[in-house]
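S.K.: Just dropping this structure here.
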Ligand code: AMP
């Protein structure tokens, strides 16, 4: 990877739109319990992407969403697509085991997310890159059809949607170029254990690229017969993995949108940025890890990543 690939100044305009959940998260980690902190798949993904481009965010929040959280988002994102509805913001609650490698969902309260009818603001319609973060698959599928000029789209999902709307998840996969999914969810969805078999089944649903995230063990990118394996950044101090997957995906999309590229070599590079941005997310609680990142930190960590992975 050469220097000019590492990081460039964000370009203006809505090149990338992110749609998905903005949430209050309650997370139990072995070292801290976080209550109603800023979370949500679209939150992590769009903040991560904002280091590469200025993303447009489409999401819904309730009237209980505090000014303080709104400010965090408005500093980094275009919020024309953020709807404020009567009612409560989406809430998610989960607990990690002591190794921080497995998370159990305790509660999912859809609140204003339920029956939300998202629309795409005119100024986002020409977005060439669209990321459908974890969200109701029916809403995701309806929304992607509203864009005029998509060059690369990607989506994610989570156990909740696989268990409650499996066929809608599969329908959503047909509409996008890439699916990013974690290993446990890929197994749950496909009922296969081997990840290559999982990826093949997901590609058979109708998507070209599949990226299976394996937490601290990195990720696998699948395209036709190719498997590109990449390591996670090895870290000594991990405190809260929430949002790592979303940050990974947001970085991929942000990188690709900043380069306006969708070729395989660029997608491989975007996965490296995904690993790097995901590594910042796990070092802080909630969004803290991402929010304290500076451009220079990204450069340094890419350099570290190169050292860790080249031989
Ligand atoms: P990750 O750790 O990358 O899997 O993402 C966790 C984030 O996803 C949390 O901040 C949650 O608010 C959000 N989330 C959890 N469950 C759902 C769901 N069913 N739909 C949308 N977002 C969710």
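S.K.: Scan region 224-244 residue by residue and report those that are away from the ligand (no atom under 16 Å from the Cβ), assigned to a loop (DSSP other than H, G, I, E, B) and over 12 Å from residue 278 (Cβ atoms).
M.R.: Within region 224-244, 224, 225, 234, 236, 237 meet the criteria.
S.K.: Residues in region 176-190: is at least one under 22 Å from residue 218 (Cα atoms), part of a helix (DSSP H, G or I) and more than 16 Å from the ligand (Cβ to nearest atom)?
M.R.: Scanning region 176-190 turns up at least one residue that is under 22 Å from residue 218 (Cα atoms), part of a helix (DSSP H, G or I) and more than 16 Å from the ligand (Cβ to nearest atom).
S.K.: Sticking with this structure for a sec: Consider only pairs whose beta carbons are under 8 Å apart and that are at least six residues apart or on different chains; among these, list those whose first residue lies in region 31-60 and is under 17 Å from residue 256 (Cβ atoms) and without any contact (Cβ under 8 Å) to a residue 24 or more places away in the chain and whose second residue is within 10 Å of the ligand (Cβ to nearest atom) and outside any loop (DSSP other than H, G, I, E, B).
M.R.: none
S.K.: Where residues in region 13-35 are within 11 Å of the ligand (Cβ to nearest atom) and farther than 15 Å from residue 134 by Cα, which of them is surrounded by the most Cβ atoms within 10 Å (Cβ to Cβ)?
M.R.: 27
S.K.: I would also like to ask the following. In region 220-233, is there at least one residue being touching a residue at least 60 places away in the same chain (Cβ under 8 Å) and closer than 20 Å to residue 56 by Cβ?
M.R.: Taking every residue of region 220-233 in turn, none turns out to be touching a residue at least 60 places away in the same chain (Cβ under 8 Å) and closer than 20 Å to residue 56 by Cβ.
S.K.: Of these, 93, 101, which one is surrounded by fewer than 15 Cβ atoms within 10 Å (Cβ to Cβ) and touching a residue at least 24 places away in the same chain (Cβ under 8 Å)?
M.R.: Of the residues listed, the single one that is surrounded by fewer than 15 Cβ atoms within 10 Å (Cβ to Cβ) and touching a residue at least 24 places away in the same chain (Cβ under 8 Å) is 101.
S.K.: Residue under question is residue 277, and the condition is that it be within 13 Å of the ligand (Cβ to nearest atom), touching a residue at least 12 places away in the same chain (Cβ under 8 Å), part of a helix (DSSP H, G or I) and under 14 Å from the mean Cα position of the chain (by Cα); does it hold?
M.R.: yes
S.K.: When you scan region 41-149 for strands (runs of 3 or more DSSP E) that lie fully inside it, which ones turn up with 3 or more residues that are within 14 Å of the ligand (Cβ to nearest atom)?
M.R.: 56-62, 91-96, 103-109
Values in this text are rule-based calculations from the coordinates and carry no lab data. The model shown is predicted, which means the values in this text are computed figures rather than measured ones. All Cβ positions, glycine included, derive from the backbone under ideal geometry; neighbour counts span all protein chains shown.
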